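The values are calculated or read from the model by the stated rules, or taken from the named source; none is laboratory data. Being a predicted model, the structure only gives us computed values, none of them experimental. Cβ placement follows ideal geometry from the backbone for every residue including glycine, while neighbour counts extend to all protein chains displayed. For the accessible areas, the whole protein counts, side chains as well, though only heavy atoms, and no ligand, DNA or RNA atoms are used. Shrake-Rupley method; radii C 1.70, N 1.55, O 1.52, S 1.80 Å.
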Amino acid sequence: MSPLEITGFVFGVAGVWLTIKEHWLCFPVGLVNVGVSLFLFYDQKLYSDTVQQGVYILLLSYGWYRWKNSKVKESLKVSYMNPMMLVSVGAAFLLISISMGYFFDTRTDADVPYLDAIATALSFGAQFLIARKKIENWLIWMVVNMLYIGIYSYKGLYLYAVLFFVYLVLAVKGYLAWNASLKQQQNAGISETAG
């Protein structure tokens, strides 16, 4: 285990925990994890994961802005995706996973290019949904974490495999916590309507 892997592990767990708590610090903490992971994955020839970390910088910055912007923050509550968002995120997933998998399979020495691209494309969707506070992000993260446990075990990145097992447990916890928050919001809405 390298110091980079340990640093990524610590900041990764802290970032997910802060996300579960719906705290805006999840974004800067996540940026540290992303920076560390970018170098680690490039070194391991996991190029889809490397690109993923670069895109995460943009998505985390977007989420940080949305969660801290006072005008957006007031209306930003845990909610479900609407059908249009579901179709858009699904289409983006297919396009990204197929094109990245093909590119890294035919143009680089990437290991597991298609599986890595699928996990990467799902991760983009999940991270975007966090910025929008959509509860489905946690369900996607559960799938992503299971994929990465396999990929990182195969690559010998055992601490990252453990990290993604921890992420899997945290994704379940996150789903339950955000679901409780959603029910509270719905109950508060019913109370306000009744009052």
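The table that follows gives values for the structure above.
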item: Ranked order, Arg107, Arg66 - accessible area, probe 1.4 Å, largest first; result: Arg107, Arg66
item: Heavy atoms of Leu31: accessible area, 1.4 Å probe, square angstrom to 10; result: 50
item: Whichever lysines have a C-alpha closer than 26 Å to that of Lys173, once near sequence neighbours (fewer than 8 apart) are set aside; result: Lys21, Lys68, Lys73, Lys77, Lys133, Lys134, Lys183
item: Residue-normalised accessible area of the stretch 39-163, expressed per residue, 1.4 Å probe, Å²; result: 50
item: Isotropic mean projected area of the C-alpha convex hull, the stretch 111-157 (nm²); result: 3.1
item: Kirkwood estimate for the stretch 55-187, i.e. one over the average of 1/r between Cα atoms, Å; result: 16.0
item: Packing rank of 179-188, 49-58, where each peptide gets the mean count of other beta carbons within 10 Å, highest leading; result: 49-58, 179-188
item: Helix-only CD estimate at 222 nm, as mean residue ellipticity for the chain, using -39500 (n - 2.57) per DSSP H run (n ≥ 4); result: -29500 deg cm²/dmol
item: Carbon plus sulfur fraction of accessible area for the stretch 126-194, probe 1.4 Å, in percent; result: 66
item: Rounded D (µm²/s) - the stretch 1-109, Kirkwood Rh over Cα pairs, Stokes-Einstein at 25 °C, 0.890 mPa s; result: 156
item: Highest-MSF residue in the chain out of Val32, Val87, Val166 [GNM, Cα springs under 10 Å]; result: Val87
item: Computed FRET value (nearest 0.05) for Thr106 with Gln185, which takes r as the C-beta separation and R₀ as 35 Å; result: 0.15
item: Rounded accessible area of Glu136 (nearest 10 Å², 1.4 Å probe); result: 40
